[in-house]
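Take a look at the structure set out below.
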Amino acid sequence: MPTYRKVQCVAYVIQPGSTLDPVYLGKASADLDIQKRCEIMRAAVAVAHRRVEELKPPPPANLFARLARNIGNVDRVLKIFMAPEFFFRGEDGAYPIEMVEKILPAMAKETRKSKYKDWLFVFGTAIGYQNPQETITKAVESTPKEGKTLAVVDGVSKDPKDWLAHEYAKTSVTKVKKTAVNRYQLTLDTRERFTNMQRVTFVHGRDADRTPSHNILTCDWEGADGPTRITVQSTKPIERKWTAEIRGFANVCKVISVEPYVFEVDSVRRLEHDQQVEVTLTTAYRVRPGYSV
């Protein structure tokens with residue numbers, strides 16, 4: 001960490017606000033809103049750097065004075081760029097909490113450049129929300145049972161009885177075929193069936209860039225033995241190996257009962273420690289450390 005003798009404060013003067021209604025200004029899509037705000041912020045950072053360079057005093061005319069300044073490092077200045085609060089908030093006044101972590105990687109596209117080695121960035125505040133009634137988990141098993149569906153889910157810490165369940169899918173693009181102008185048929189690494197009631201967002205690149213969400217126009221589903229293909233419209237190319245996140249499923253169901261997951265003990269072996277035994281369970285389900293048995 002270099003030692004600085006001086007600090008230069010650089011303020012980004014912008015007022016992120018709302019109308020008098022009040023209605024928060026921004027894009028309806030949190031993905032797109034974050035992208036656009038990061039573009040604005042990166043442009044402001046670049047302008048700030050240029051202005052700071054323009055304000056630097058000219059080097060001393062005397063050669064020995066220039067050498068002394070470089071050797072002594074007396075002019076090493078830490079530039080602190082600060083944006084106002086409430087800059088990152090979106091049309092809803094806040095982003096889903098899992099979206100907030102996308103901001104810094106997007107800003108790093110500019111700030112990781114070597115010319116900012118003596119800069120510290122404060123990008124205002126980012127406001128996120130988490131619905132206390134919402135939990136994202138994984139269904140590790142699903143089977144029909146008496147006209148209903150019995151699902152085994154992972155990572156639910158509370159009793160989910162009477163909760164509403166919305167589907168969510170995350171997969172990757174294995175093949176891309178351009179079928180018309182701005183239209184792509186995508187083969188996905190999944191056997192799930194999707195409809196035009198869902199929207200898909202693509203995540204790609206080292207910084208996990210996110211595209212705007214796209215409507216699923218068609219879905220070619222061949223069942224459990226075949227791939228899933230969807231068609232989307234996009235003005236920018238979509239590439240293989242991108243991650244696809246599908247949300248907004250129309251099917252919403254209610255949890256009507258909760259049953260404990262019971263395993264059959266196949267074998268028991270006592271370990272060296274008197275209080276420990278090794279138990280083999282007849283199941284393919286992964287029992288994680290910390291589970292109560």
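The figures follow:
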item: The one condition in (1) modelled with pLDDT of 90 or more; (2) under 19 Å from the mean Cα position of the chain (by Cα); (3) part of a loop (DSSP other than H, G, I, E, B) that Ile34 fails to fulfil; result: (3)
item: Extreme residue, modelled with the lowest pLDDT, among residues of the stretch 52-97 that are β-branched (Val, Ile, Thr) and under 21 Å from Lys117 (Cα atoms); result: Ile71
item: Scope the stretch 205-228; condition of a type in the set (Ser, Thr, Tyr) and outside any strand (DSSP E or B); matching residues; result: Thr211, Ser213
item: Among residues of the stretch 107-147, those that are part of a strand (DSSP E or B) and modelled with pLDDT of 70 or more, counted; result: 9
item: Residue list for the stretch 207-248, restricted to those being in contact with a helix residue (DSSP H, G or I) (Cβ under 8 Å, 6 or more places away or on another chain) and of a type in the set (A, V, I, L, M); result: Ala208
item: Residue, nearest to Gln233 (Cα to Cα), within the stretch 180-204, restricted to residues that are among the β-branched types (Val, Ile, Thr) and assigned to a loop (DSSP other than H, G, I, E, B); result: Val181
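The values are calculated or read from the model by the stated rules, or taken from the named source; none is laboratory data. Please read these numbers as outputs of a predicted model, since none were measured by experiment. Counting neighbours? That spans all protein chains shown, and the Cβs are built from the backbone with ideal geometry, glycine included.
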